[in-house]
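A.B. asks: This is the structure I have questions about; it appears just below.
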Amino acid sequence: WFIVKDTGIGIRPDQIGKLFAPFSQADVTSKRKYGGTGLGLALSKRLAMLLGGDLVLADSTPNEGSTFIVSIDPGNVQPQFKDSSRRPAVENAESLDGIKILLAEDSPDNQLLTSRFLRLAGAAVEIVSNGKEAIEKLSEKKYDVVLMDLQMPVMDGYEATANLRKSGFKGKILALTAHASNEERDHCLRNGFDGHIKKPIDRNVLIDQVNYFSKQSEVL
């Protein structure tokens, strides 16, 4: 087992009951200060249980942070070492060569992973952390495709896209969201988005979608 401590917003006693429920957060607004979709703790607990352990809240103080205990059962662990000096070539490595992408995403982990997928495929990527920054960046530069997370602080993806469309923006905007239902996809398409990519991001789907829409996009 091991202990994880954070310095986040903490958890009030009345919120503990829904702490590990999927899509549940203390602040449920799409423009909340802290991003995400409320899946992190639910998935972490499920993974820990699949590994024969659990994830439990040990202590939390509002506005100071929380402490969690994670346990797993690794079984009979035998060390294995693999040669990492040789890595397979990235598929479709040149498929996005020369394509300019604006990624609007507030999670540092998702920023790193998504931009890495795109850059390894040849794209030029710039990153902003909320919808307001995306609008400002799009007023200054031209991009072939915009990848817009739906839930971000300051201004969420829906509001940013609505503002862009009202201003006459014609470029391709693809929604990034953990809500992968057909209803959510249709809602995105009705509200100004051209496409919908679900999280966790599948590299091949991401590259294929960006490649497809970049060919249709007017250079902004």
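A.B. asks: From the list ILE16, ILE11, ILE3, pick out the single residue that is in a loop (DSSP other than H, G, I, E, B), hydrophobic (A, V, I, L, M, F, W, C) and either modelled with pLDDT under 85 or over 26 Å from MET155 (Cβ atoms) (or both).
C.D. replies: ILE11
A.B. asks: Sticking with this structure for a sec: For the range 97-121, what are the residues that are over 12 Å from ASP144 (Cβ atoms), in contact (Cβ under 8 Å) with a residue 12 or more places away in the chain and not aliphatic (A, V, I, L, M)?
C.D. replies: First, pick out the residues of the range 97-121 that are over 12 Å from ASP144 (Cβ atoms): 103-117, 119-121.
Checking which are in contact (Cβ under 8 Å) with a residue 12 or more places away in the chain leaves us with 103-107, 110-111, 113-115, 117, 120-121.
Passing the criteria: GLU105, ASP106, SER107, ASN110, GLN111, THR114, SER115, PHE117.
To keep it simple, each residue is scored yes or no on (1) surrounded by 16 or more Cβ atoms within 10 Å (Cβ to Cβ); (2) at pLDDT 95 or above; (3) under 17 Å from the mean Cα position of the chain (by Cα); (4) not hydroxyl-bearing (Ser, Thr, Tyr).
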residue: GLU136; (1), (2), (3), (4): no, yes, no, yes
residue: GLN151; (1), (2), (3), (4): yes, no, yes, yes
residue: ALA178; (1), (2), (3), (4): yes, no, yes, yes
residue: ASN182; (1), (2), (3), (4): no, no, no, yes
residue: ASP194; (1), (2), (3), (4): yes, yes, no, yes
residue: ASP202; (1), (2), (3), (4): no, no, yes, yes
residue: LYS215; (1), (2), (3), (4): no, no, no, yes
residue: GLU218; (1), (2), (3), (4): no, no, no, yes
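Quick grid of which residues meet (1) open to solvent by 40 Å² or more (accessible area, probe 1.4 Å); (2) under 13 Å from the mean Cα position of the chain (by Cα); (3) of a type in the set (Ser, Thr, Tyr):
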| position | (1), (2), (3) |
| --- | --- |
| TYR143 | no, no, yes |
| LEU147 | no, yes, no |
| MET155 | no, no, no |
| CYS188 | no, no, no |
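A.B. asks: Mind checking whether some residue in the range 27-40 is at pLDDT 80 or above, outside any loop (DSSP other than H, G, I, E, B) and under 15 Å from the mean Cα position of the chain (by Cα)?
C.D. replies: Scanning the range 27-40 turns up no residue that is at pLDDT 80 or above, outside any loop (DSSP other than H, G, I, E, B) and under 15 Å from the mean Cα position of the chain (by Cα).
A.B. asks: Another one. Every residue in the range 59-114 that is at pLDDT 90 or above, open to solvent by 60 Å² or more (accessible area, probe 1.4 Å) and among the acidic types (Asp, Glu), please.
C.D. replies: The one that is at pLDDT 90 or above, open to solvent by 60 Å² or more (accessible area, probe 1.4 Å) and among the acidic types (Asp, Glu): ASP97.
The values are calculated or read from the model by the stated rules, or taken from the named source; none is laboratory data. The model shown is predicted, which means the values in this text are computed figures rather than measured ones. Cβ coordinates were reconstructed from backbone atoms using ideal geometry, including for glycine residues, and neighbour counts include every protein chain displayed. Ligands, DNA and RNA are excluded from the accessible area calculation, which covers all protein heavy atoms including side chains. Shrake-Rupley method; radii C 1.70, N 1.55, O 1.52, S 1.80 Å.
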